[in-house]
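Some notes on the structure that comes next.
What follows is calculated from the coordinates using simple rules that are stated; it is not laboratory data. Keep in mind that what you see is a predicted model, and the values were worked out from it rather than measured. Note: ideal-geometry Cβ built from the backbone for every residue, glycine included; neighbour counts use all protein chains shown.
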Amino acid sequence: MSLAPTMPSEALRMLRFDRVQRSAHWSNALLFGVLMATAIPLYFGSFFGVVLARHVVAEIHLWTGLALPIPIIISLLGSWGVQMRRDVRRINLWTREEMRWMKTLGETPLVADKFNPGQKLNSIFTAASIVIMLATGSMLQWFRFFPVPWRQGATFVHDAFAFAIFLVVIGHIVMALTHRDSLRSIFTGWVSEGWAARHAGAWLKEEQAKAGRTE
Amino acid sequence: MMSAHRDASISPKAPKRVPIGRRVFIGLAALGAAGVVFWASVANFFSGVLGSGLGGLLPGGDRFRIYSITGNYPTVSRANYRLKVSGLVHDPRTFTIEDLEAMPSTSFTKAFQCVTGWRVPDVRWEGVQLSHILKTVGVKEGAVALTFESYDRADTECLTLDQAHLPDVIVAYRMLGAPVTTEHGGPVRLYVAPMFGYKSLKWLSAIKVVDGVQPGYWEENGYPVNGWLDGTTGPTNPDPQLT
């Protein structure tokens, strides 16, 4: 039995996202979608001339927002959250090469982890924005518990992050649509070893080592 | 052999890792928290220096956001509109919109500043000064304040008699160069220029002259009774510049 990495094959597949992660991703995407769709008429209210429906739209925005952290929290819990927690750790911990790669916007060489630094940054931003939007949104909803200047600040932060979220989500979707193999993996869970060799060499090596260990 | 391979993939040769995720996460959260706490002072500073706010910093940041307490807008036609003025007055009256338009009109361009932070600069307002309406009905001895009611049957407001006599406190029937639209509180709304937007009650239906200040809807919900734009909450206008 040899432990040398075998030649990556297009026929052999690796599980990039398990069922829990895919469910969490799409539940989260659905909630973000509803929040973003309802945010537009709420923000540009007089522009769109949305009149009577505004109250309904605001109510949907509020309840969707309150539900926002639920899929991710559930996906991190218990025995089904093993893979999710492992990936959170991955996203948290960066090597020097990754930091350099991010600083030079991909100009320096990198044998990527399961997620490249740009993808990691996308996840970190999304997690932070959930917390920030939930906190500032709650301040706007239950305003009476906060001093007036804080309400003004919460309005601004909520709006500014909303703009950032639109940019990041649009970027995320553009990247997904231009990287079909990655896109397929968030539906099916699987990528080929060949894909991993090209885009996530460090992860492939790690998985091969793990497979070698258990054989 | 096997364990040697495993060790090689972890430590001690494994590259040192830095918790960038946690740092960026905490950094963003801190940025958000700082924005909540300090944004108002930063914006006030710049509006002092530049003469205009930072509402235009975000696209669409200087647009109206339409609020409604009831989740609905009362629709009152021009023909059916009535403004009932009663209480401590010599001549209780009910005005039609034509009555109001027949009074001396006043118009000016001023910002609409919401207490939650958004601001719409350069709004054209036109209507009749509240002081003129009070003169028309004649305020009795012992009157101290006014209460305002809305066609939405939910919102109420109040002003002291002194505040009501400020020259830029008007009963507005035109706004943004057109009759006040339903979403903006038409056909007739209050506009209290030196105070935050919640004082400018929409769909104005009645004015009552009373012998004491009765906090309105938003004041019962935590907003100051005297919502001056500079943030002070005393009964008298703190800064003549505001009016």
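Just want to confirm a number: the relative contact order over segment B:58-242, from Cα pairs under 8 angstrom separated by 6+ residues, in percent. Don't skip to the end; give the middle numbers.
On the way: 383 pairs, mean separation 44.0, N = 185.
Relative contact order for segment B:58-242 comes out at 24 percent.
What does the average come to when, for each residue of peptide B:67-74, you count the partner chain Cβ atoms lying within 10 Å of its Cβ?
On the way: counts 4, 5, 1, 1, 7, 4, 4, 0.
That works out to 3 on average.
Based on the Kirkwood radius over alpha-carbon pairs, what is the Stokes-Einstein translational diffusion coefficient of segment A:144-215 at 4 °C with 1.567 mPa s viscosity, in µm²/s?
On the way: Rh = 16.0 Å.
My calculation gives 81 µm²/s for D.
When the Cα gyration tensor is reduced to axis lengths a ≥ b ≥ c, the ratio a/c is 1.5 or higher for chain A, and with a/b above b/c it is classed as prolate.
In what sequence do A:207, B:157, B:141 fall when counting other Cβ within 10 Å, fewest first?
Ascending number of Cβ neighbours within 10 Å: B:141, A:207, B:157.
Using the scaling law 2.2 N^0.38 Å as the reference, what is the normalised Cα Rg of segment B:161-243? Kindly include the intermediate steps, with their values, before the conclusion.
Values: Rg = 13.0 Å, N = 83, 2.2 N^0.38 = 11.8 Å.
Cα Rg divided by the expected 2.2 N^0.38 Å: 1.10.
Basic side chains Lys and Arg get +1 at the Cβ, acidic Asp and Glu get -1 at the Cβ, and with that the dipole of segment B:58-242 about its Cα centre reaches some 400 debye. Across chain A, the relative contact order, built from alpha-carbon pairs under 8 Å that are at least six residues apart, equals 33 percent.
What translational diffusion coefficient, to the nearest whole µm²/s, does the protein assembly as shown have by Stokes-Einstein, given a Kirkwood radius computed over alpha-carbon pairs, a temperature of 20 °C and 1.002 mPa s viscosity?
Details: Rh = 26.0 Å.
Rounded, D is 83 µm²/s.
With a 10 Å cut-off around each Cβ of A:159-166, the average count of Cβ atoms from other chains is 3.
Taken along the Cα-to-beta-carbon direction at a fixed 7 Å, the label points for residue A:105 and residue B:211 span 7.3 nm.
Residues A:40, A:72, A:173, arranged from fewest to most other Cβ atoms within 10 angstrom of their Cβ, appear as A:173, A:40, A:72. Phi angles across segment B:187-197 convert, under the Karplus curve 6.51 cos²θ - 1.76 cosθ + 1.60 with θ = phi - 60°, into 3J(HN,Hα) values of x, 9, 9, 8, 9, 10, 4, x, 10, 4, x Hz, Gly and Pro given as x.
Assuming R0 = 35 Å, can you tell me the calculated FRET efficiency for the pair residue A:74 and residue B:42, based on Cβ-Cβ distance, to the nearest 0.05? Mind dumping the intermediate values first?
On the way: r = 38 Å, r/R0 = 1.09.
Given R0 = 35 Å and the Cβ-Cβ separation, E is 0.35.
For residue A:170 and residue A:12, calculate 0.36 nm times their separation in residues minus their Cα-Cα distance, and state this gained length in nm to one decimal. Show your work: numbers first, answer last.
Working: separation 158, 0.36 × 158 = 56.88 nm, distance 3.18 nm.
Gain on stretching residue A:170 to residue A:12: 53.7 nm.
Projecting the Cα positions of B:166, B:192, B:132 onto the charge dipole of segment B:121-243 (unit charges on Cβ atoms of Lys, Arg, Asp and Glu, taken about the Cα centre) puts B:132 furthest along the positive direction.
Would you calculate a helix-derived [θ] at 222 nm for chain A, using -39,500 (n - 2.57) for each DSSP H run of n ≥ 4 and dividing by the full residue count, to the nearest 500? Walk me through the intermediate numbers first.
Details: 11 runs with 155 residues, N = 215.
After summing the helix terms and dividing by residue count, I get -23500 deg cm²/dmol.
With contacts taken as Cα pairs under 8 Å and at least 6 residues apart, segment A:121-194 reaches a relative contact order of 25 percent. Compare the Cα positions of A:168, A:139, A:202 along the charge dipole of segment A:81-215 (+1 at Cβ of Lys, Arg; -1 at Cβ of Asp, Glu; about the Cα centre) and return the one farthest towards the positive end. Among A:168, A:139, A:202, the one farthest towards the positive end of the dipole of segment A:81-215 is A:139. Annotation: amide H of residue B:182 has no partner in the under-5 Å range at sequence separation 5 or more or interchain, hydrogens built in the peptide plane. Calculate, in whole percent, how much of the Cα-Cα pair population of segment B:58-242 lies beyond 22 Å. Of all Cα-Cα pairs in segment B:58-242, 41 percent lie more than 22 Å apart.
Among the listed pairs A:103/A:210; B:110/B:208; B:140/B:202; A:120/A:205; A:120/B:16, give every one whose C-alpha distance is greater than 24 Å. Mind dumping the intermediate values first?
Working: A:103/A:210 31 Å; B:110/B:208 26 Å; B:140/B:202 26 Å; A:120/A:205 19 Å; A:120/B:16 17 Å.
A:103/A:210; B:110/B:208; B:140/B:202, as the Cα separations exceed 24 Å there.
In this structure, residue B:144 and residue B:84 have a Cβ-Cβ separation that, at R0 = 22 Å, corresponds to a calculated FRET efficiency of about 0.65.
Peptide A:95-102 has a mean of 2 when you count, residue by residue, the C-beta atoms of other protein chains within 10 Å of its C-beta.
Cβ crowding within 10 Å ranks B:110, B:16, B:199 as B:16, B:110, B:199, fewest other Cβ atoms first.
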